[in-house]
1. Being crowded, with 16+ Cβ neighbours inside 10 Å and touching a residue at least 40 places away in the same chain (Cβ under 8 Å) is the filter here, so list the residues in the stretch 68-77 that pass it.
2. Of the numbered conditions (1) in contact with a helix residue (DSSP H, G or I) (Cβ under 9 Å, 6 or more places away or on another chain); (2) part of a helix (DSSP H, G or I); (3) among the charged types (D, E, K, R), residue 105 fails exactly one; give the number of that condition.
3. Being farther than 21 Å from residue 119 by Cβ and assigned to a helix (DSSP H, G or I) is the filter here; which residues of the stretch 37-54 pass it?
4. Could you check the stretch 24-33 and list, in sequence order, the residues that are under 18 Å from residue 136 (Cβ atoms) and either out of contact with any Lys or Arg (no Cβ under 8 Å at 6 or more places or on another chain) or among the aromatic types (Phe, Trp, Tyr) (or both)?
5. Checking the structure you have, find out if any residue of the stretch 71-79 is within 24 Å of residue 102 (Cα to Cα), of a type outside the set (A, V, I, L, M, F, W, C) and out of contact with any Lys or Arg (no Cβ under 9 Å at 6 or more places or on another chain).
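Every number here is computed from the coordinates shown, using simple stated rules; none is lab data. What you see is a predicted model; the values in this text were computed from it and never measured. Here the Cβ is made from the backbone with ideal geometry for all residues, glycine too, and neighbour counts use every protein chain on show.
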Amino acid sequence: MTPFSIFLLVLSLAVFLIAWLKGGHAERKGVLICILAYLSSYAGRGLRIDDLQIGDAIADLIVTGAFAWLALRSNRWWPFAATASMILMLVVHASMVLVPELTVRGDMAARMGLSVVLVLSIFGGVVERWLAGERPVSETATWTRRRPAT
């Protein structure tokens, strides 16, 4: 793993933990989308046409749709930023087909940089929630089984 890969992994894990504990429902949904995208990318890892990784492109298309849905369903700004970074990631996939001079290394570097933007947008949503004085979902969650009313 390159140092930037390690940085992205550590940053993602830290932001996902903070977003899950201190974020709202939208931030938690964003974390779930990212984790499911990461896990599903292994399913299509071998699918490729020349330098285009078809499995990753399909997964990114689905994630783009999920973040667009989240942006339209929530009243937060960060899902729009996440959707924009995912659209740029789809442009990177298209560029691998349209520009033959691009290398796989350039593809990975661009997609990793856009992944950092995606993760930081989720973190921005958590920070905004904290600055606005909104309570995180984890404070209102019940951790014990509710007893039926008698």
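1. So the first thing to find is which residues in the stretch 68-77 are crowded, with 16+ Cβ neighbours inside 10 Å, and the list is 68, 70-71, 74, 76.
Within the stretch 68-77, 70, 74, 76 qualify.
2. Evaluating residue 105 over (1) in contact with a helix residue (DSSP H, G or I) (Cβ under 9 Å, 6 or more places away or on another chain); (2) part of a helix (DSSP H, G or I); (3) among the charged types (D, E, K, R) leaves (1) as the failure.
3. Passing the criteria: only 54.
4. Looking only at the stretch 24-33, we keep the residues that are under 18 Å from residue 136 (Cβ atoms), and these are 24-32.
25, 28, 29, 30, 31, 32, listed by residue number.
5. Kept after step one, since they are within 24 Å of residue 102 (Cα to Cα), are these residues of the stretch 71-79: none.
Within the stretch 71-79 (the criterion being within 24 Å of residue 102 (Cα to Cα), of a type outside the set (A, V, I, L, M, F, W, C) and out of contact with any Lys or Arg (no Cβ under 9 Å at 6 or more places or on another chain)), the answer is no, since none of the residues qualifies.
Quick grid of which residues meet (1) buried (at least 17 other Cβ atoms within 10 Å of the Cβ); (2) assigned to a helix (DSSP H, G or I); (3) not charged (D, E, K, R):
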| position | (1), (2), (3) |
| --- | --- |
| 30 | yes, yes, yes |
| 87 | no, yes, yes |
| 90 | no, yes, yes |
| 95 | no, yes, yes |
| 133 | no, no, yes |
| 139 | no, yes, no |
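Rundown of residues vs (1) buried (at least 18 other Cβ atoms within 10 Å of the Cβ); (2) over 15 Å from residue 117 (Cα atoms), yes/no style:
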{"residue": "1", "(1), (2)": "no, yes"}
{"residue": "4", "(1), (2)": "no, no"}
{"residue": "9", "(1), (2)": "no, no"}
{"residue": "35", "(1), (2)": "no, yes"}
{"residue": "56", "(1), (2)": "yes, yes"}
{"residue": "79", "(1), (2)": "yes, no"}
